[in-house]
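Enquirer: Below is a structure I'd like to ask you about.
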């Protein structure tokens, strides 16, 4: 566990509510049992996919933290993280993953995660990480190289600015459809499609269709 100071401390209370979004139920239940050994007052709710998590959050947002897996059956974790931001869910989100790829950490942080916790950590270490996050610290895994921690992460990419209609255009673009077929599929004029493509190129900081698809794949924007 490596901690970098953040400007605001959220604070941690004895009673802690955590939502874990992980499709491996045994793993999630094992983590809940392990964390309760650290805090008897911990209340951890489990959602096995993003759909279930969205339903829970539509009724109750009184959680201190969301632990989100990167790989889920109905959506990629980072896409759901960005959706939470769009929906103005103000609960801090940390990635809980078995991936030890530094680029996954880069993408998680750039997507708004407040930390990245390795699933290989012990229950006590994960609880320490949760406590640190709620105290306003950024938690980074030990495998994450120090030289990357001060590196800007794709600052020229503005994922949040992509509209739902532009996302539809992007999905069809990734299928290799030309503009005229995209027009037919979405019932748009060719000028409108060109405008959406121009906006996508700007948001993703690219110059052509091939680069656009490549960067979108990197950011898990394509189904």
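Enquirer: Compute the relative contact order of the range 2-148 as a whole-number percentage, counting only Cα pairs closer than 8 Å that sit 6 or more residues apart in sequence. Numbers along the way, then the final one.
Expert: Details: 236 pairs, mean separation 44.4, N = 147.
For the range 2-148, the relative contact order is 30 percent.
Enquirer: Taking the 0 to 90 degree range and rounding to the nearest ten, how far is the long axis of helix 25-38 tilted relative to the main principal axis of the chain, both from C-alpha atoms?
Expert: The helix 25-38 is inclined about 40 degrees to the chain.
Enquirer: Here's another thing I want to ask about it. If you count the DSSP beta bridges with both ends in the chain, what percent of them are antiparallel, to the nearest 5? Write out the running numbers ahead of the final one.
Expert: Values: 4 of 21 bridges.
Counting DSSP beta bridges with both partners in the chain, the antiparallel share is about 20 percent.
Enquirer: Another question, if that's okay. Once you keep just the Cα pairs under 8 angstrom separated by 6 or more residues, what percentage relative contact order results for the range 159-218? Write down the numbers at each step before the final one.
Expert: Working: 40 pairs, mean separation 21.8, N = 60.
The normalised contact order for the range 159-218 reaches 36 percent.
Enquirer: When the helix-only estimate is applied to the chain (DSSP H runs of n ≥ 4, each -39,500 (n - 2.57), divided by the residue count), what is the mean residue ellipticity at 222 nm, nearest 500 deg cm²/dmol?
Expert: Working: 9 runs with 99 residues, N = 223.
Taken over the chain, the calculation gives -13500 deg cm²/dmol.
Enquirer: Now for a different question. With Rg and the Kirkwood Rh both taken from Cα atoms, where does Rg over Rh land for the chain? The partial results should precede the final answer.
Expert: On the way: Rg = 19.0 Å, Rh = 18.7 Å.
On the Cα set of the chain, Rg over Rh gives 1.02.
Enquirer: Something else now. How long are the three semi-axes of the equivalent ellipsoid for the range 16-118, computed from the Cα gyration tensor as the root of 5 times each eigenvalue, in whole Å, largest first? All intermediate terms of the calculation are to be shown ahead of the outcome.
Expert: Values: eigenvalues 75, 54, 34 Å².
Sorted largest first and rounded, they come to 19, 16, 13 Å.
Enquirer: Taking the radius of gyration and the Kirkwood hydrodynamic radius from Cα positions alone, what is the Rg/Rh ratio for the range 59-180, to two decimal places?
Expert: Numbers: Rg = 16.1 Å, Rh = 15.9 Å.
A ratio of 1.01.
Enquirer: List the equivalent ellipsoid semi-axes of the range 74-140 in whole Å, largest first, each obtained as the square root of 5λ for an eigenvalue λ of the Cα gyration tensor.
Expert: Working: eigenvalues 74, 45, 21 Å².
The answer is 19, 15, 10 Å, longest axis first.
Enquirer: I've got another one for you. Ranked by Cβ crowding within 10 angstrom, fewest neighbours first, how are 195, 184 ordered? Display every interim value, and only then the final one.
Expert: Working: 195 14, 184 11.
The most exposed by this proxy come first: 184, 195.
Enquirer: In what sequence do 99, 118 fall when counting other Cβ within 10 Å, fewest first?
Expert: Working: 99 18, 118 22.
If I rank by nearby Cβ atoms, fewest first, I get 99, 118.
Enquirer: Taking a cut-off of 18 Å, what percent of all Cα-Cα pairs in the range 159-218 are separated by more than that? Walk me through the numbers before you get to the answer.
Expert: Working: 390 of 1770 pairs.
Cα-Cα pairs of the range 159-218 separated by over 18 Å account for 22 percent.
Every number in this text was worked out from the coordinates using simple rules, so none of it is lab data. Just so it is clear, the model here is predicted, and its values are computed rather than measured. Cβ atoms come from the backbone with ideal geometry, glycine included; neighbour counts cover every protein chain shown.
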